[in-house]
Amino acid sequence: MVVSPVQDVLRRVWLLYLSSIVLIGFAAWGLYYQVKIIFDQNRLSELRETFSRTMVHDMKTPISSIITGIRMLRGGQFDSLPEKKQEIFDLVERENQHLLSLVNKVLTIAKMESGKLVLNRKQIALKPMVDELMEKYPLRSKKAVTFSVDVPDDAVVYADPSHLTECLSNLVENAEKYSGRTVHIAIAYAHDEAQTSIQVSDNGVGIPQSEQARIFEKFERASRANKRSTTGTGATGFGLGLNYVQLMMKEHGGSVTVSSEPGRGSTFTLTFPVPSET
Ligand SMILES: Nc1ncnc2c1ncn2[C@@H]1O[C@H](COP(=O)(O)OP(=O)(O)O)[C@@H](O)[C@H]1O
Ligand SMILES: [Mg+2]
């Protein structure tokens with residue numbers, strides 16, 4: 001086929017146009033990527049800084065309480081006051097538990113991230129686990145905490161028991177922490193052939209829609225979390241609890257979701273698949 005000079009010029013212009021589009025596309029993508037790396041690095045160092053600051057603060061408080069408690073017990077000033085002595089023993093134990101659970105959380109997250117966590121799943125009776133949580137939390141809290149539980153006696157969940165307890169503890173702890181002085185926590189269970197779910201709801205400060213995805217990220221806290229105001233709780237934390245819960249639910253082949261409205265409380269739902277052989 002004979003190509004006229006005009007057609008040849010048009011074809012060259014078209015090719016030139018196409019290749020410039022491709023080149024501009026690549027350049028824009030490269031530029032975007034560079035800018036993103038810079039932003040990500042800044043964000044990461046910001047997160048690391050926040051993490052070290054809150055981690056040090058959160059670890060300093062229980063360590064100081066433990067040292068003070070042990071000094072008091074050794075000093076003998078409460079030897080004739082067994083009730084007071086018991087109170088101090090309880091405080092030392094509680095603060096140690098707090099530190100241990102923090103360290104365990106950091107270690108378990110690291111294991112999950114490197115794909116090295118081994119689950120020991122079995123059919124767990126949920127009711128006794130929930131009963132234990134209900135006994136523990138009002139004792140730990142300075143607030144008035146009440147529970148309503150809709151979990152049948154024969155409710156079972158196929159999960160790793162120690163990790164399920166830790167996930168529920170994190171949700172109950174958050175429900176208590178991000179609420180006013182009177183806390184109501186509702187725990188409910190539902191199931192069908194394919195999945196079982198556990199809901200933990202509260203009447204707390206709630207989470208704006210725009211922040212609901214972010215709170216599951218590592219070190220992320222909602223904007224109200226730190227504020228001591230009528231809308232915030234001034235509660236301290238690292239932003240690791242929900243990250244732990246989300247990673248753990250993925251390990252179980254399940255999920256965690258949130259539904260919440262500022263000022264109207266929050267509901268977190270854990271969903272576990274039912275194993276086909278049971
Ligand atoms: N039940 C809840 N009500 C309101 N806000 C919550 C609730 N649970 C979690 N959040 C928000 O999500 C953030 C992340 O939670 P989490 O990962 O447990 O970290 P931490 O409690 O250490 O801050 C919290 O800082 C808080 O802003
Ligand atoms: Mg938390």
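With +1 on the Cβ of every Lys and Arg and -1 on the Cβ of every Asp and Glu, and nothing else charged, how large is the dipole of the chain about its Cα centre, in debye rounded to the nearest 20? Intermediate results must be reported in sequence, preceding the final value.
Numbers: 32 positive and 31 negative charges, 249 e Å.
Dipole about the Cα centre, nearest 20: 1200 debye.
Looking at the range 122-273, how many pairs of lysines come closer than 17 Å at the Cα, when each pair is eight or more places apart or spans two chains? Present the calculation step by step, with values, prior to reporting the outcome.
Working: Lys122/Lys250; Lys127/Lys136; Lys136/Lys177; Lys142/Lys177; Lys143/Lys177; Lys177/Lys227; Lys218/Lys250.
Lysine pair count for the range 122-273: 7.
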Antiparallel DSSP beta bridges within the chain, percent to nearest 5: 75 percent
For Phe147, what residues show an amide H to amide H distance below 5 Å, using hydrogens built from the backbone and excluding near sequence neighbours? Ile185
Within the accessible area of the chain, what % is carbon and sulfur when the probe is 1.4 Å and the other protein chains stay in place? 58 percent
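Cα convex hull of the range 122-273: mean projected area in nm², to one decimal? Intermediate values should be presented prior to the final figure.
On the way: hull surface 33.4 nm².
Projected over every direction and averaged, the Cα hull of the range 122-273 covers 8.4 nm².
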Where the only charges are on Cβ atoms (+1 Lys, Arg; -1 Asp, Glu), what is the dipole of the range 122-273 about its Cα centre, to the nearest 20 debye? 920 debye
Here the percent of antiparallel bridges among DSSP beta bridges lying wholly in the range 122-273, to the nearest 5, is 75 percent
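Which value in deg cm²/dmol, rounded to the nearest 500, describes the helix-derived mean residue ellipticity at 222 nm for the chain, given -39,500 (n - 2.57) per DSSP H run of n ≥ 4 and division by the residue count?
Numbers: 5 runs with 146 residues, N = 278.
Helix contribution divided over all residues of the chain: -19000 deg cm²/dmol.
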Other-chain or far-sequence residues with amide H under 5 Å of Tyr158's (modelled H): Ile124
Could you compute the FRET efficiency for Leu44 and Leu73, with r as their C-beta to C-beta distance and R0 at 45 Å, rounded to 0.05? 0.55
Rounded to the nearest Å, the spacing of the alpha-carbon centers of the range 240-278 and the range 58-117 is 28 Å
Per-bin percent of Cα-Cα distances, the chain [10 Å]: 6, 22, 27, 19, 10, 6, 5, 3, 2, 1, 0, 0
Report the one residue of Ile63, Tyr32, Ile187 whose Cα lies farthest in the direction of the positive end of the charge dipole of the chain (charges on C-beta: Lys and Arg +1, Asp and Glu -1; origin at the Cα centre). Tyr32
Expected output is a single nm value to one decimal: the length gained when fully extending between Gln212 and His184, i.e. 0.36 nm times separation in residues minus the C-alpha distance. What is it? 8.0 nm
Per residue, how much accessible area does the chain have with a 1.4 Å probe, in Å²? 62 Å²
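The values are calculated or read from the model by the stated rules, or taken from the named source; none is laboratory data. Fair warning: this is a prediction, and the values are worked out from it, not measured in the lab. Please note: Cβ atoms are built from the backbone with ideal geometry, for glycine as well, and neighbour counts cover all protein chains shown. Only protein heavy atoms, including side chains, enter the accessible area calculation; ligands, DNA and RNA are left aside. Shrake-Rupley method; radii C 1.70, N 1.55, O 1.52, S 1.80 Å.
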